[in-house]
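Visitor: Quick one: this structure, given as C-alpha coordinates, is what I'll be asking you about.
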Amino acid sequence: MINQALLPPLSRYTLALLFALSFNATHALPKVSAVPGGVVVIELAADNAEETPAAYYHKKPLLVIKKDGRWLAVVGIPLTATVGAQQIKQQSASGKIIVHSFNIKDKAYKTQGLTVTNKRKVNPYAEDMNRIISEKKRTKKTLAHWQGRELKDLTFIAPVKGRHSSSFGLRRVFNGQPRKPHSGMDIAAPTGTPIVTPMAGTVTNVGDYFFNGNSVFIDHGQGLITMYLHLDRIDVQEGDILQQGDLLGTVGATGRVTGPHLHWGISLNDARVDPALFLSDEK
Ligand SMILES: [Zn+2]
(Lines give C-alpha, C1' and ligand atoms only; values in the text may rest on other atoms or scores of the structure.)
Protein backbone atom coordinates (compact mmCIF):
# COMPACT_ATOMS: atom_id res chain seq x y z
CA MET A 1 0.00 0.00 0.00
CA ILE A 2 1.15 3.53 -0.76
CA ASN A 3 0.27 6.10 1.83
CA GLN A 4 -1.25 8.77 -0.42
CA ALA A 5 -1.08 11.44 2.29
CA LEU A 6 2.73 11.39 2.07
CA LEU A 7 2.75 12.08 -1.67
CA PRO A 8 2.78 15.55 -3.28
CA PRO A 9 -0.56 16.52 -4.91
CA LEU A 10 0.63 15.90 -8.49
CA SER A 11 1.68 12.32 -7.72
CA ARG A 12 -1.67 11.70 -6.12
CA TYR A 13 -3.36 12.84 -9.35
CA THR A 14 -1.07 10.63 -11.45
CA LEU A 15 -1.88 7.61 -9.30
CA ALA A 16 -5.60 8.17 -9.75
CA LEU A 17 -5.19 8.50 -13.51
CA LEU A 18 -3.11 5.33 -13.75
CA PHE A 19 -5.69 3.48 -11.71
CA ALA A 20 -8.49 4.67 -14.00
CA LEU A 21 -6.58 3.55 -17.10
CA SER A 22 -5.74 0.13 -15.73
CA PHE A 23 -9.32 -0.32 -14.55
CA ASN A 24 -10.59 0.28 -18.09
CA ALA A 25 -7.99 -1.96 -19.65
CA THR A 26 -8.55 -4.88 -17.29
CA HIS A 27 -12.19 -4.87 -16.38
CA ALA A 28 -14.40 -3.67 -19.24
CA LEU A 29 -14.49 -7.11 -20.87
CA PRO A 30 -14.82 -10.63 -19.47
CA LYS A 31 -11.73 -12.82 -19.28
CA VAL A 32 -11.22 -14.84 -22.45
CA SER A 33 -11.45 -18.63 -22.14
CA ALA A 34 -11.77 -20.49 -25.45
CA VAL A 35 -13.39 -23.63 -24.01
CA PRO A 36 -16.98 -24.96 -23.80
CA GLY A 37 -18.70 -22.70 -21.25
CA GLY A 38 -16.16 -19.94 -21.87
CA VAL A 39 -16.11 -16.58 -23.68
CA VAL A 40 -14.08 -15.37 -26.66
CA VAL A 41 -13.63 -11.80 -27.91
CA ILE A 42 -13.29 -11.32 -31.67
CA GLU A 43 -12.46 -8.06 -33.44
CA LEU A 44 -14.89 -7.28 -36.24
CA ALA A 45 -14.16 -5.49 -39.49
CA ALA A 46 -15.07 -1.82 -39.12
CA ASP A 47 -16.60 -0.94 -42.47
CA ASN A 48 -18.79 1.70 -40.89
CA ALA A 49 -17.41 3.41 -37.82
CA GLU A 50 -20.78 4.88 -36.80
CA GLU A 51 -22.99 1.83 -36.90
CA THR A 52 -22.59 -1.19 -34.60
CA PRO A 53 -21.76 -4.18 -36.82
CA ALA A 54 -24.02 -7.25 -36.60
CA ALA A 55 -22.45 -10.68 -36.05
CA TYR A 56 -23.87 -14.16 -35.45
CA TYR A 57 -22.73 -17.46 -33.92
CA HIS A 58 -24.87 -20.45 -34.94
CA LYS A 59 -27.41 -17.87 -36.26
CA LYS A 60 -27.74 -16.22 -32.82
CA PRO A 61 -27.00 -12.48 -32.66
CA LEU A 62 -23.86 -11.52 -30.73
CA LEU A 63 -23.09 -8.84 -28.19
CA VAL A 64 -20.90 -6.18 -29.81
CA ILE A 65 -19.04 -3.54 -27.81
CA LYS A 66 -16.82 -0.64 -28.91
CA LYS A 67 -13.50 -0.46 -27.14
CA ASP A 68 -10.60 1.86 -27.97
CA GLY A 69 -12.19 2.57 -31.37
CA ARG A 70 -12.50 -1.14 -32.27
CA TRP A 71 -15.69 -3.20 -32.58
CA LEU A 72 -15.49 -6.40 -30.58
CA ALA A 73 -17.90 -9.35 -30.58
CA VAL A 74 -18.12 -11.01 -27.16
CA VAL A 75 -19.13 -14.61 -27.83
CA GLY A 76 -20.53 -17.14 -25.35
CA ILE A 77 -19.48 -20.75 -26.04
CA PRO A 78 -22.10 -23.33 -24.95
CA LEU A 79 -21.03 -26.27 -22.78
CA THR A 80 -22.18 -28.53 -25.64
CA ALA A 81 -19.84 -26.87 -28.21
CA THR A 82 -17.58 -29.12 -30.29
CA VAL A 83 -13.87 -28.71 -29.65
CA GLY A 84 -11.89 -27.41 -32.66
CA ALA A 85 -12.50 -24.80 -35.37
CA GLN A 86 -15.52 -22.52 -34.93
CA GLN A 87 -16.67 -19.41 -36.74
CA ILE A 88 -18.81 -16.35 -36.35
CA LYS A 89 -20.34 -14.48 -39.27
CA GLN A 90 -20.34 -10.72 -39.54
CA GLN A 91 -22.89 -9.04 -41.75
CA SER A 92 -21.38 -5.85 -43.17
CA ALA A 93 -23.48 -2.77 -43.89
CA SER A 94 -23.35 -3.61 -47.63
CA GLY A 95 -24.77 -7.09 -46.90
CA LYS A 96 -21.45 -8.86 -47.40
CA ILE A 97 -20.73 -11.77 -45.00
CA ILE A 98 -17.31 -11.81 -43.33
CA VAL A 99 -16.30 -15.05 -41.60
CA HIS A 100 -14.09 -14.88 -38.46
CA SER A 101 -12.60 -18.19 -37.29
CA PHE A 102 -11.43 -19.22 -33.84
CA ASN A 103 -10.56 -22.41 -31.98
CA ILE A 104 -12.08 -24.06 -28.94
CA LYS A 105 -9.96 -26.23 -26.68
CA ASP A 106 -11.27 -29.05 -24.51
CA LYS A 107 -11.87 -28.57 -20.81
CA ALA A 108 -12.26 -31.53 -18.47
CA TYR A 109 -14.94 -30.51 -15.98
CA LYS A 110 -15.01 -32.64 -12.85
CA THR A 111 -17.92 -34.81 -11.71
CA GLN A 112 -19.79 -33.90 -8.53
CA GLY A 113 -22.12 -36.21 -6.62
CA LEU A 114 -24.94 -34.58 -4.61
CA THR A 115 -27.58 -35.94 -2.28
CA VAL A 116 -30.93 -34.18 -2.39
CA THR A 117 -33.27 -35.24 0.41
CA ASN A 118 -36.43 -34.12 -1.45
CA LYS A 119 -36.47 -37.04 -3.93
CA ARG A 120 -39.34 -35.52 -5.89
CA LYS A 121 -36.91 -32.79 -7.08
CA VAL A 122 -34.70 -35.48 -8.66
CA ASN A 123 -37.43 -37.83 -9.92
CA PRO A 124 -40.50 -35.60 -10.38
CA TYR A 125 -43.99 -37.11 -10.18
CA ALA A 126 -46.05 -37.45 -13.35
CA GLU A 127 -48.22 -34.53 -12.20
CA ASP A 128 -45.12 -32.28 -11.99
CA MET A 129 -44.27 -32.71 -15.69
CA ASN A 130 -46.70 -30.12 -17.14
CA ARG A 131 -45.33 -27.52 -14.76
CA ILE A 132 -41.70 -28.44 -15.57
CA ILE A 133 -42.32 -28.31 -19.34
CA SER A 134 -44.07 -24.92 -19.23
CA GLU A 135 -41.33 -23.48 -16.97
CA LYS A 136 -38.67 -24.75 -19.39
CA LYS A 137 -40.42 -22.96 -22.28
CA ARG A 138 -40.70 -19.74 -20.30
CA THR A 139 -37.01 -19.85 -19.31
CA LYS A 140 -35.95 -20.58 -22.90
CA LYS A 141 -37.88 -17.54 -24.14
CA THR A 142 -36.35 -15.27 -21.48
CA LEU A 143 -32.80 -16.41 -22.29
CA ALA A 144 -33.25 -16.08 -26.08
CA HIS A 145 -34.61 -12.52 -25.78
CA TRP A 146 -32.77 -9.81 -27.69
CA GLN A 147 -32.91 -6.23 -26.50
CA GLY A 148 -30.78 -3.85 -28.58
CA ARG A 149 -28.99 -1.66 -26.07
CA GLU A 150 -25.58 0.02 -26.21
CA LEU A 151 -23.20 -1.56 -23.71
CA LYS A 152 -19.99 0.22 -22.77
CA ASP A 153 -18.72 -1.94 -19.97
CA LEU A 154 -19.25 -5.59 -19.04
CA THR A 155 -18.02 -5.22 -15.47
CA PHE A 156 -19.93 -7.19 -12.86
CA ILE A 157 -19.72 -6.97 -9.10
CA ALA A 158 -20.37 -10.17 -7.10
CA PRO A 159 -24.14 -10.49 -6.32
CA VAL A 160 -23.32 -12.01 -2.91
CA LYS A 161 -20.11 -12.14 -0.98
CA GLY A 162 -19.49 -15.73 0.10
CA ARG A 163 -17.74 -19.02 -0.54
CA HIS A 164 -18.10 -20.41 -4.08
CA SER A 165 -19.45 -23.81 -3.07
CA SER A 166 -19.77 -25.28 -6.53
CA SER A 167 -18.16 -24.05 -9.68
CA PHE A 168 -19.49 -23.83 -13.20
CA GLY A 169 -19.44 -26.82 -15.57
CA LEU A 170 -19.33 -29.65 -13.01
CA ARG A 171 -20.94 -32.85 -14.34
CA ARG A 172 -23.68 -33.51 -11.84
CA VAL A 173 -24.99 -36.71 -10.35
CA PHE A 174 -28.04 -36.26 -8.10
CA ASN A 175 -28.74 -39.24 -5.78
CA GLY A 176 -26.69 -41.45 -8.11
CA GLN A 177 -28.40 -40.24 -11.31
CA PRO A 178 -26.59 -38.16 -13.94
CA ARG A 179 -28.15 -34.80 -14.76
CA LYS A 180 -27.18 -31.75 -16.85
CA PRO A 181 -23.83 -30.06 -16.07
CA HIS A 182 -23.85 -27.19 -13.61
CA SER A 183 -24.67 -24.09 -15.65
CA GLY A 184 -23.80 -21.42 -13.09
CA MET A 185 -21.83 -20.48 -10.01
CA ASP A 186 -23.09 -21.39 -6.53
CA ILE A 187 -22.31 -18.96 -3.73
CA ALA A 188 -22.99 -20.36 -0.25
CA ALA A 189 -24.49 -17.86 2.19
CA PRO A 190 -27.03 -18.04 5.01
CA THR A 191 -30.74 -17.71 4.20
CA GLY A 192 -31.67 -14.03 4.18
CA THR A 193 -28.31 -12.74 2.89
CA PRO A 194 -29.02 -9.78 0.53
CA ILE A 195 -28.39 -10.30 -3.21
CA VAL A 196 -27.42 -7.20 -5.17
CA THR A 197 -27.70 -6.51 -8.90
CA PRO A 198 -24.21 -7.07 -10.36
CA MET A 199 -24.82 -4.94 -13.47
CA ALA A 200 -27.65 -2.62 -14.57
CA GLY A 201 -30.57 -4.22 -16.42
CA THR A 202 -34.30 -4.90 -16.65
CA VAL A 203 -36.10 -7.64 -14.71
CA THR A 204 -37.73 -9.81 -17.40
CA ASN A 205 -38.81 -12.91 -15.47
CA VAL A 206 -39.75 -13.53 -11.84
CA GLY A 207 -41.29 -16.78 -10.59
CA ASP A 208 -41.39 -19.85 -8.37
CA TYR A 209 -39.89 -22.69 -10.43
CA PHE A 210 -39.98 -26.46 -9.71
CA PHE A 211 -36.20 -27.01 -9.88
CA ASN A 212 -34.90 -23.44 -9.57
CA GLY A 213 -37.16 -22.26 -6.75
CA ASN A 214 -37.77 -18.52 -6.45
CA SER A 215 -36.02 -17.04 -9.48
CA VAL A 216 -35.17 -13.65 -10.96
CA PHE A 217 -33.86 -13.00 -14.49
CA ILE A 218 -32.20 -9.70 -15.46
CA ASP A 219 -31.79 -8.70 -19.11
CA HIS A 220 -28.73 -6.44 -19.56
CA GLY A 221 -29.23 -6.06 -23.32
CA GLN A 222 -27.70 -7.64 -26.45
CA GLY A 223 -28.38 -11.21 -25.32
CA LEU A 224 -26.59 -10.84 -21.96
CA ILE A 225 -28.99 -12.20 -19.36
CA THR A 226 -28.29 -13.20 -15.75
CA MET A 227 -30.30 -15.42 -13.41
CA TYR A 228 -30.58 -15.70 -9.61
CA LEU A 229 -32.08 -18.97 -8.34
CA HIS A 230 -33.25 -20.63 -5.08
CA LEU A 231 -34.07 -17.24 -3.44
CA ASP A 232 -35.80 -16.97 -0.10
CA ARG A 233 -37.38 -13.60 -0.88
CA ILE A 234 -37.81 -11.74 -4.17
CA ASP A 235 -37.72 -7.94 -3.89
CA VAL A 236 -38.31 -7.02 -7.55
CA GLN A 237 -41.05 -7.32 -10.17
CA GLU A 238 -41.01 -7.92 -13.91
CA GLY A 239 -40.35 -4.62 -15.69
CA ASP A 240 -38.24 -3.12 -12.88
CA ILE A 241 -35.12 -1.32 -14.08
CA LEU A 242 -32.23 -2.04 -11.73
CA GLN A 243 -28.91 -0.30 -11.27
CA GLN A 244 -25.69 -1.98 -10.18
CA GLY A 245 -25.86 -2.54 -6.42
CA ASP A 246 -29.69 -2.54 -6.14
CA LEU A 247 -31.17 -5.20 -3.84
CA LEU A 248 -33.06 -7.88 -5.81
CA GLY A 249 -33.82 -10.47 -3.13
CA THR A 250 -32.27 -12.71 -0.51
CA VAL A 251 -30.45 -16.06 -0.49
CA GLY A 252 -32.62 -19.10 0.21
CA ALA A 253 -32.99 -22.85 -0.26
CA THR A 254 -36.03 -23.12 -2.57
CA GLY A 255 -36.21 -25.67 -5.43
CA ARG A 256 -33.70 -28.52 -5.91
CA VAL A 257 -30.98 -27.73 -3.35
CA THR A 258 -28.82 -29.31 -0.69
CA GLY A 259 -28.69 -26.12 1.40
CA PRO A 260 -29.02 -22.31 1.22
CA HIS A 261 -27.00 -20.72 -1.58
CA LEU A 262 -27.35 -18.43 -4.57
CA HIS A 263 -27.11 -20.04 -7.98
CA TRP A 264 -25.88 -17.25 -10.27
CA GLY A 265 -26.03 -17.92 -14.00
CA ILE A 266 -24.91 -15.85 -16.99
CA SER A 267 -26.27 -16.42 -20.48
CA LEU A 268 -24.62 -14.81 -23.50
CA ASN A 269 -26.02 -15.36 -27.02
CA ASP A 270 -28.18 -18.04 -25.36
CA ALA A 271 -25.11 -19.96 -24.13
CA ARG A 272 -24.64 -20.51 -20.40
CA VAL A 273 -21.11 -19.34 -19.58
CA ASP A 274 -18.87 -19.25 -16.52
CA PRO A 275 -19.79 -16.24 -14.30
CA ALA A 276 -16.25 -16.24 -12.84
CA LEU A 277 -15.03 -14.82 -16.18
CA PHE A 278 -17.08 -11.65 -15.55
CA LEU A 279 -15.83 -10.97 -12.03
CA SER A 280 -12.65 -9.03 -11.35
CA ASP A 281 -10.14 -10.97 -9.24
CA GLU A 282 -10.39 -8.70 -6.21
CA LYS A 283 -13.59 -9.47 -4.33
ZN1 LIG B 1 -26.11 -24.01 -8.88
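The values are calculated or read from the model by the stated rules, or taken from the named source; none is laboratory data. Please read all numbers here as calculations on a predicted model, not as lab measurements. Glycine also receives a Cβ, built like all others from the backbone with ideal geometry; neighbour counts cover every protein chain displayed. In case anyone asks, the SASA skips ligands and DNA or RNA and just uses the protein heavy atoms, side chains included. Shrake-Rupley method; radii C 1.70, N 1.55, O 1.52, S 1.80 Å.
Visitor: How large is the Kirkwood hydrodynamic radius of the chain, counting all unique pairs of alpha carbons, in Å? All intermediate terms of the calculation are to be shown ahead of the outcome.
Guide: On the way: mean 1/r = 0.0491 Å⁻¹.
About 20.4 Å for the chain.
Visitor: Using the 2.2 N^0.38 Å rule of thumb for compact globular proteins, work out how the stretch 197-283 stacks up: its C-alpha Rg over that value, please. Don't jump to the answer; show the numbers that get you there.
Guide: On the way: Rg = 12.4 Å, N = 87, 2.2 N^0.38 = 12.0 Å.
For the stretch 197-283, the normalised Cα radius of gyration is 1.04.
Visitor: Once the other residues with Cβ under 15 Å from the Cβ of ALA200 are scored (Lys, Arg +1; Asp, Glu -1), what is the net sum? Please report the intermediate quantities before stating the final value.
Guide: Numbers: positive: ARG149, LYS152; negative: GLU150, ASP153, ASP219, ASP240, ASP246.
Once positives and negatives cancel, what remains is -3.
Visitor: Now for a different question. Tell me, how many Å apart are the Cα centres for the stretch 167-209 and for the stretch 65-122?
Guide: 19
Visitor: Now for a separate question. Quick check: the angle from helix 9-27's long axis to the longest principal axis of the chain, C-alpha only, nearest 10 degrees?
Guide: 50
Visitor: Which whole-number value in Å² is the accessible area per residue of the chain, probe 1.4 Å? Present the calculation step by step, with values, prior to reporting the outcome.
Guide: Details: 14890 Å² over 283 residues.
In whole numbers, the chain has 53 Å² accessible per residue.
Visitor: With n ≥ 4 as the cut-off for DSSP H runs, can you work out [θ] at 222 nm for the chain, using -39500 (n - 2.57) per run divided by the number of residues, rounded to the nearest 500?
Guide: Details: 2 runs with 34 residues, N = 283.
It lands at -4000 deg cm²/dmol.
Visitor: Okay, moving on. Specify, per residue and in Å³, the volume enclosed by the convex hull of the alpha carbon atoms belonging to the stretch 111-278. The partial results should precede the final answer.
Guide: On the way: hull volume 17.5 nm³, N = 168.
Cα-based convex hull of the stretch 111-278, divided per residue, equals 104 Å³.
Visitor: Please report, largest first and rounded to whole Å, the three semi-axes of the ellipsoid equivalent to the stretch 73-117, where each semi-axis is the square root of five times an eigenvalue of the C-alpha gyration tensor.
Guide: Details: eigenvalues 249, 35, 8 Å².
Taking √(5λ) for each Cα gyration eigenvalue gives 35, 13, 6 Å.
Visitor: Just to confirm a number: summing +1 for Lys and Arg and -1 for Asp and Glu over residues other than GLY223 whose beta-carbon lies under 14 angstrom from that of GLY223, what do you get?
Guide: Working: positive: LYS59, LYS60, LYS140, LYS141, ARG149, ARG272; negative: GLU150, ASP219, ASP270.
Once all neighbours under 14 Å are counted, the net charge is +3.
Visitor: Based on the Kirkwood radius over alpha-carbon pairs, what value in µm²/s does the Stokes-Einstein equation return for the translational diffusion coefficient of the stretch 31-104 at 20 °C and 1.002 mPa s? Intermediate values should be presented prior to the final figure.
Guide: Working: Rh = 12.6 Å.
The estimated diffusion coefficient comes to 170 µm²/s.
Visitor: In degrees between 0 and 90, to the nearest 10, how far off the longest principal axis of the chain does helix 129-143 point, with axes built from Cα atoms?
Guide: It works out to around 0 degrees.
Visitor: Summarise the accessible area of the chain (1.4 Å probe, protein heavy atoms) by the percent that is carbon and sulfur.
Guide: On the way: 8120 of 14890 Å².
That fraction is 55 percent.
Visitor: Place a +1 charge on the Cβ of each Lys and Arg in the chain and a -1 charge on the Cβ of each Asp and Glu, then give the dipole magnitude about the Cα centre in debye, rounded to the nearest 20.
Guide: Working: 33 positive and 23 negative charges, 212 e Å.
Using Cβ point charges on Lys, Arg, Asp and Glu, the chain gives about 1020 debye.
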